[in-house]
1. From the set of residues in region 67-84 that are polar (S, T, N, Q) and within 16 Å of the ligand (Cβ to nearest atom), which is surrounded by the fewest Cβ atoms within 10 Å (Cβ to Cβ)?
2. Just checking, does region 205-224 include any residue being at positive phi, out of contact with any Cys (no Cβ under 9 Å at 6 or more places or on another chain) and acidic (Asp, Glu)?
3. All but one of (1) away from the ligand (no atom under 16 Å from the Cβ); (2) open to solvent by less than 50 Å² (accessible area, probe 1.4 Å) hold for Trp31; which doesn't?
4. Among the residues of region 116-124, are any within 16 Å of the ligand (Cβ to nearest atom) and either assigned to a strand (DSSP E or B) or open to solvent by 40 Å² or more (accessible area, probe 1.4 Å) (or both)?
5. Only one of these is acidic (Asp, Glu), surrounded by 15 or more Cβ atoms within 10 Å (Cβ to Cβ), in contact (Cβ under 8 Å) with a residue 40 or more places away in the chain and closer than 30 Å to Val163 by Cα: Glu176, Glu197. Name it.
6. Report, by residue number, each residue of region 231-248 that is within 19 Å of Leu284 (Cβ to Cβ), in contact (Cβ under 8 Å) with a residue 40 or more places away in the chain and open to solvent by less than 70 Å² (accessible area, probe 1.4 Å).
7. Every residue in region 46-59 that is of a type outside the set (S, T, N, Q) and either open to solvent by less than 10 Å² (accessible area, probe 1.4 Å) or under 25 Å from the mean Cα position of the chain (by Cα) (or both), please.
8. Which of the residues that make up region 332-341 are surrounded by 16 or more Cβ atoms within 10 Å (Cβ to Cβ) and in a helix (DSSP H, G or I)?
Amino acid sequence: MKTKEEILRLREEIIEVSLKLLEEGLIVRTWGNLSAKIDDNHYIITPSGIKYEDLTPEMLPVVAISDGSYEGEYKPSSEYMVHTAVYQSRSDAEFIIHTHQTYATCVGALGKKRLKASRKDKKIIFPIAEYALPGTKKLAGNIKTALAGNADTRSVIMSNHGVLCFGRTAEDALKEARSLEKASKNYISDICKTDIEYGAVEGFNSYIEDGEIKYVKPDTPERIKMIHKMIYSKRPDIKYIFHNKSEAVMTISRRVNHMRPLLDDFAQIIGYNLRIPTSDVVALTVKKNVNVVFGHNDGAYCLGVNEQEAKAAAIVLDKGCLAHIVAIRFGEGKFLSYFDCIKMNRNYRKNYSVLANSVN
Ligand SMILES: [Zn+2]
């Protein structure tokens, strides 16, 4: 049984670790969640939809492992069920980290059942749980199945979504998340025969101020200005355009003409069924519920109702493009079904529309 002081320390530790994950780039914005066990039947977890920077220890709700009921002013993360599944399956899980970390998430989109790696001459296996829609009982069941067959693991990759890493302490879980990311990055570098760095790279951005388009860089070429104008005219809801020219996005804009989502956050935030022009003369496709417009060999224009949202789309797009490239090199990718994409996209727009910045 933990004392009141120990539980308060755990509450503080969850916030400290989440800020560390943000700093290291394993978590972006509010995407992901953390939890810690406080007694045999309860754990505390990060609440839904609150920025990690704004979290205070008392905000973390308490969830019952036996039935998922919770206490507290704030609602638990909508993905508490996967945390419950881990606590129910493994007595050595006392601190859990769930992230959408780039490289491990990309590995989880290849249709593989496990990732094999080695650490100090010791072979390790990271199981990959089968896909199910986020926040569902089915997904929690798939996590349990993946854990049941791998008694030694302290990580599960969730297909097309992210990862769960755990340990006895916060430090153990953090080490596990870093080690999984390192093993995934090595695996991807082997497949691609090169390192592909991730992160949005700014090209020519613009925003709307007092009804007028303002360009962030004074040397924005006329040709690019025309594209921005066209996008704003077709999407009056958009107030910021982030022109992403990252390595992965540039590669896709040069070599691919159609993109289906491989990752949940892509389907939610960006949309599905993206067309990429095959030459400069083909008109760009601006669609109502798709927050990215590709240019030919010119990266992609990521759309948002403000700068934050446009940047979020740029980051999610970059990871989605990386996953796509890895799948092409690997020779196989497990694409999300059209039906699941529609469902997630609608749900996201309904629940987290406009200024909301949460996705789990
Ligand atoms: Zn998630």
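1. Ser78
2. yes
3. All conditions pass for Trp31, except number (1).
4. Step one: filter region 116-124 for residues within 16 Å of the ligand (Cβ to nearest atom), giving none.
Checking region 116-124: not a single residue is within 16 Å of the ligand (Cβ to nearest atom) and either assigned to a strand (DSSP E or B) or open to solvent by 40 Å² or more (accessible area, probe 1.4 Å) (or both).
5. Answer to the check: Glu176.
6. Residues satisfying the conditions are Ile231, Arg235, Ile238, Tyr240, Ile241, Phe242, His243, Asn244, Ser246.
7. Result: Pro47, Gly49, Ile50, Lys51, Tyr52, Glu53, Asp54, Leu55, Pro57, Met59.
8. Passing the criteria: Asp340, Cys341.
The values are calculated or read from the model by the stated rules, or taken from the named source; none is laboratory data. Just so you know, these numbers come straight off a predicted model, no measurement behind them. All Cβ positions, even for glycine, are placed from backbone atoms using ideal geometry, and neighbour counts span all protein chains on display. Side chains included, ligands, DNA and RNA excluded: accessible areas come from the protein's heavy atoms. Shrake-Rupley method; radii C 1.70, N 1.55, O 1.52, S 1.80 Å.
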